[in-house]
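Undergrad: This is the structure I want to talk about, given as structure tokens.
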Amino acid sequence: MKHKKGLAATLALCVSLTAGGASVFAFSDIKDEGQKTVVDTLKSKGIVNGVTADLFRPDVALSEPQGIQLIVKAFGLQNAYAEASAQNKISPDTWYADAVQAATQNGLSIPVEVNPQGKMTREQFVILLHEGINTTGNYPVIMKYNEVKDEKKLSKDAMSAVQNLLNMNIIELDKDGNFRPDQSLTRMEAASMIFNALEFVDQHSDDGSTEPAPTNPGEGQQAIVPAVTISKVDDKTSKVTLTAEMPHPGYGLKIDEVKLEKDKHAIVKYSIVQPDPDKMYPMVITKVTAEAEIPTGYTAEAQPSGK
């Protein structure tokens, strides 16, 4: 995982604490300088701790309760109610009860039963991480589709989280292009993702870019122009197909009219079908098509309706 420069105030604090000697937060089992920066920064903010005063155990698998507590601390999620929610079968006496309550109240996808001995998978963590980021505001995200070699192993919620977090430069795929969603997450991997997520939030909060990026094709951005292809059906009829990429599967494409010109040229009028505002869609680039018939021998041109 790459660790970019950011979180200026906290990093400045770490620098002042390490000047002239070893960091007061340093753990003896973390040798990599980049990892030291990550862990020292998060420890200075009270987000992570070592398993002992001297050891962080970066390669140990993160448990489900530890993962939830890490997200809650990172994004400052609060437990507003004293009584435990009926949604979670967790004793209020457990050390992670408050974290589970806070996460649940803030809309995170917490399971009804949290296994205290269960290892948190990479898929579980990125879903919670993505939801945690969303509790802090709306941020501009490039709508780019990233090829994930093992995407068939991902659930729909996980696929949306992975795509967005990749575009935010918060997570990375391995050298083979896999995400490995079913594998357990190490303490160091979790810390790196949290560090990058807080850096992303910090950068966009600093420059005031907290408004969501325009995602309505044709509104607030350059209108989407579909690709046009023609295939012959028979001697009299051909099929014209419009194809476009949309920000998510809620959008569609519709052909409103086909105007046949005298020079064997067809003008295909189209419009963008807007998503249902009452539904939530995974933010994954989606290919949509619309088809119509024209006489064989005609060329075709796509134009937005109203022009």
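The values are calculated or read from the model by the stated rules, or taken from the named source; none is laboratory data. Just so it is clear, the structure is predicted and the values come from calculations on it, not from any experiment. Glycine also receives a Cβ, built like all others from the backbone with ideal geometry; neighbour counts cover every protein chain displayed. Side chains included, ligands, DNA and RNA excluded: accessible areas come from the protein's heavy atoms. Shrake-Rupley method; radii C 1.70, N 1.55, O 1.52, S 1.80 Å.
Undergrad: So which of Asp176, Asp182 is of a type outside the set (S, T, N, Q), farther than 24 Å from Ile110 by Cα, at pLDDT 90 or above and in a loop (DSSP other than H, G, I, E, B)?
TA: Selected residue: Asp176, the only one of Asp176, Asp182 that is of a type outside the set (S, T, N, Q), farther than 24 Å from Ile110 by Cα, at pLDDT 90 or above and in a loop (DSSP other than H, G, I, E, B).
Undergrad: Also: Return yes or no: is Val201 modelled with pLDDT of 90 or more and surrounded by fewer than 20 Cβ atoms within 10 Å (Cβ to Cβ)?
TA: no
Undergrad: Being in contact with a Lys or Arg (Cβ under 6 Å, 6 or more places away or on another chain), assigned by the TED database to the domain that holds Val60, farther than 19 Å from Val48 by Cβ and among the small types (Gly, Ala, Ser), is that true of even one residue in segment 171-180?
TA: Taking every residue of segment 171-180 in turn, at least one turns out to be in contact with a Lys or Arg (Cβ under 6 Å, 6 or more places away or on another chain), assigned by the TED database to the domain that holds Val60, farther than 19 Å from Val48 by Cβ and among the small types (Gly, Ala, Ser).
Undergrad: A follow-up question, please. Taking the condition in the same structural domain as Glu131 (by the TED database) and modelled with pLDDT of 90 or more, does Glu291 pass?
TA: So Glu291 does not fit the description; no.
Undergrad: Right, next: Of the residues Val72, Val38, Val100, Val114, only one is modelled with pLDDT of 95 or more, touching a helix residue (DSSP H, G or I) at 6+ places or on another chain (Cβ under 8 Å) and within 26 Å of Pro181 (Cα to Cα); which?
TA: Details: Val38 fails: modelled with pLDDT of 95 or more; Val100 fails: modelled with pLDDT of 95 or more; Val114 fails: modelled with pLDDT of 95 or more.
One residue alone meets the criteria, Val72.
Undergrad: Ok, one more. For Asn178, state whether it is out of contact with any helix residue (DSSP H, G or I) (no Cβ under 8 Å at 6 or more places or on another chain), closer than 26 Å to Gln78 by Cβ and surrounded by fewer than 20 Cβ atoms within 10 Å (Cβ to Cβ).
TA: Details: out of contact with any helix residue (DSSP H, G or I) (no Cβ under 8 Å at 6 or more places or on another chain): yes; closer than 26 Å to Gln78 by Cβ: no; surrounded by fewer than 20 Cβ atoms within 10 Å (Cβ to Cβ): yes.
Criteria not met by Asn178.
Undergrad: Taking the conditions exactly as written (assigned by the TED database to the domain that holds Ala300, of a type outside the set (S, T, N, Q), more than 20 Å from Thr296 (Cβ to Cβ) and touching a residue at least 24 places away in the same chain (Cβ under 8 Å)), does Ile272 satisfy them or not?
TA: Values: assigned by the TED database to the domain that holds Ala300: yes; of a type outside the set (S, T, N, Q): yes; more than 20 Å from Thr296 (Cβ to Cβ): yes; touching a residue at least 24 places away in the same chain (Cβ under 8 Å): yes.
Answer is yes for this residue.
Undergrad: In this structure, does Leu108 turn out to be open to solvent by less than 10 Å² (accessible area, probe 1.4 Å) and either free of Cβ contacts under 8 Å to residues at least 60 places away in the same chain or touching a Leu at 6+ places or on another chain (Cβ under 8 Å) (or both)?
TA: On the way: open to solvent by less than 10 Å² (accessible area, probe 1.4 Å): no; either free of Cβ contacts under 8 Å to residues at least 60 places away in the same chain or touching a Leu at 6+ places or on another chain (Cβ under 8 Å) (or both): yes.
Spelling it out, it is not the case that Leu108 is open to solvent by less than 10 Å² (accessible area, probe 1.4 Å) and either free of Cβ contacts under 8 Å to residues at least 60 places away in the same chain or touching a Leu at 6+ places or on another chain (Cβ under 8 Å) (or both).
Undergrad: With the checklist (1) part of a helix (DSSP H, G or I); (2) in contact with a Ser or Thr (Cβ under 6 Å, 6 or more places away or on another chain) in hand, flag the one item Gly137 doesn't pass.
TA: (1)
Undergrad: Kindly list the number of the only condition in (1) under 30 Å from Val162 (Cβ atoms); (2) exposed (fewer than 14 other Cβ atoms within 10 Å of the Cβ); (3) not β-branched (Val, Ile, Thr) that fails for Gly306.
TA: Every listed condition holds for Gly306 apart from (1).
Undergrad: OK, next. Would you mind telling me which numbered condition in (1) in a helix (DSSP H, G or I); (2) of a type in the set (D, E, K, R); (3) surrounded by fewer than 19 Cβ atoms within 10 Å (Cβ to Cβ) Glu131 fails?
TA: In the conditions (1) in a helix (DSSP H, G or I); (2) of a type in the set (D, E, K, R); (3) surrounded by fewer than 19 Cβ atoms within 10 Å (Cβ to Cβ), Glu131 misses (3) alone.
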